[in-house]
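What follows draws every value from the coordinates through simple rules; no lab data is involved. Since this is a predicted model, take the numbers as computed values, not measurements. Don't worry about glycine lacking a Cβ; one is built from the backbone with ideal geometry, like all the others, and counts go over all protein chains shown.
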Amino acid sequence: MMSDSESEDSAIDVVHVVDFDSTTSLDSTVLKSVNENGRQYQDYRYILPKDEKEQERQRQGHALLYYALGDLHNCPLTNPQKVLDIGTGVGIWSTKFADKYKSAVVLGIDISYMQPQYVPPNLSYLIVDAWEFVVEEKHKGQYDFIYIGQFAGAVRDWRSFLQHVIQLLKPGGWLKWIEMGIGIHHKHHHQTEALVWWENQIRQASENLGTALDVGPYMGSFLQQAGFRETQVKEVNIPLGTPSESPHKRLALLNEAYTLSTVEPLSLRLLGSSWDMVICALVKKDIRQCIAEECQTRW
Ligand SMILES: C[S@@+](CC[C@H](N)C(=O)[O-])C[C@H]1O[C@@H](n2cnc3c(N)ncnc32)[C@H](O)[C@@H]1O
């Protein structure tokens, strides 16, 4: 049995696969980007930036999820051999997973190049659009376990996407899919005006774009419609603001940092150029008020 310890040393090796053909330079493909609102984006396929600030936000998000859920997957995995991480981002989940399951071959895919250079020898990355990957015949029936973490906003048609994803699994394989809800839930059913308005704007704008962010309520039915059996949907409320003596204080602090850092990247591209830092600051002020009043976010 491998240890679950986070502090365990990992073997490292440079195994980095980048999907560009030999006639194209790295500069013009993987490293290309679009600058907007003072942020750097991959292109027009995805609403969130890919710059260092966003990469740091992803690290915060991983820390929050890991701490809240207590494990990398919560699935009954026995000796997984081939594992796929769709939308791997900065690759923390895939690195930890490859470290823990040393006999598994792990592949992380993403449209943006932001993965670490030094990774466990059983982990590699591929820069590719997930849609292109999932429809390819050669990937069918290959994987024991697939992980999708915070990919809402990247998919227009979840039913169809998941119908392809299920075909990548071996018989008896597992999918773990995690998404974060948009709303902040006030224990006393009271919410500040700017926050409610912002949440509705984000929900509506992402729906208008065809890439709804608030997929939580539909995840179970999407999975069943795609043909997954034994599905289990779990909703987790994470404290946002707690009394200083609370055992959940650390979780609440992680949630606070992550929630505040999410306002800007979510707003800028979705809500358009009229959205500036002043309005983001007002929303953050409301979130801080909620924190003072002990709210929760929902996953
Ligand atoms: C919010 S991040 C989540 C990263 C990581 N899974 C996590 O949970 O921290 C979403 C990631 O999906 C990637 N992405 C967006 N659209 C994609 C697509 N069509 N194909 C592959 N990756 C995509 C983005 O580049 C980004 O790194």
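Quick notes on this structure:
- Placed amide H near Gln40: partners under 5 Å, 5+ positions off or other chain: Lys50, Asp51
- For Lys82, the residues whose amide H sits under 5 Å from its own are Val105, Asp144, Phe145, ignoring neighbours fewer than 5 places away on the same chain, with H placed 1.01 Å from N.
- The alpha-carbon atoms of region 25-90, seen along their principal axes, cover 43, 28, 17 angstrom, with the largest extent given first.
- Sequentially through region 50-55, phi angles give Karplus couplings (6.51, -1.76, 1.60; θ = phi - 60°) of 10, 6, 4, 4, 5, 5 Hz, Gly and Pro residues having no value and appearing as x.
- Legend: translational diffusion of region 157-299 by Stokes-Einstein, Rh = Kirkwood radius over C-alpha pairs, 25 °C, 0.890 mPa s; D = 145 µm²/s.
- Solvent-free Debye calculation, one equal scatterer per alpha-carbon of region 151-190: log10 I(q)/I(0) at 0.15, 0.17, 0.34 Å⁻¹ equals -0.55, -0.63, -1.19.
- Remark: for residue pairs Lys50/Lys176; Lys82/Lys138; Lys50/Lys284; Lys100/Lys234; Lys176/Lys234; Lys138/Lys170, the C-alpha separation exceeds 20 Å in Lys50/Lys176; Lys50/Lys284; Lys100/Lys234.
- Each 5 Å bin from 0 upward holds the following percent of the Cα-Cα pairs of region 67-172: 2, 12, 24, 25, 21, 12, 3, 0.
- For region 248-261, the Karplus equation 6.51 cos²θ - 1.76 cosθ + 1.60, evaluated at θ = phi - 60°, returns couplings of 9, 4, 5, 4, 5, 5, 4, 5, 4, 4, 5, 4, 5, 6 Hz by residue, with Gly and Pro reported as x.
- Computed over the chain, the percent of Cα pairs more than 37 Å apart is 14.
- The fewest-to-most ranking of Val135, Val165 by surrounding Cβ atoms within 10 Å reads Val135, Val165.
- All C-alpha pair distances within region 59-129, sorted into 5 Å bins from zero, spread as 3, 17, 27, 26, 19, 7, 0 percent across the bins.
- Viscosity 1.306 mPa s, 10 °C: Kirkwood-radius Stokes-Einstein D of region 105-238 over Cα pairs, µm²/s: 94 µm²/s
- Ranking of Lys32, Lys50, Lys234 by count of other Cβ atoms within 10 Å, fewest first: Lys234, Lys32, Lys50
- The Cα center of region 203-267 and the Cα center of region 44-112 differ in position by 16 Å.
- Among Thr259, Thr242, sorting on how many other beta-carbon atoms sit within 10 Å of each Cβ, with the fewest leading, yields Thr242, Thr259.
- Distance-filtered residues of region 156-174 - backbone nitrogen under 14 Å, label point 7 angstrom along Glu230 Cα→Cβ: 170-174
- Calculated [θ] (222 nm, deg cm²/dmol) that DSSP helices of n ≥ 4 give over the chain, each run adding -39,500 (n - 2.57): -11500 deg cm²/dmol
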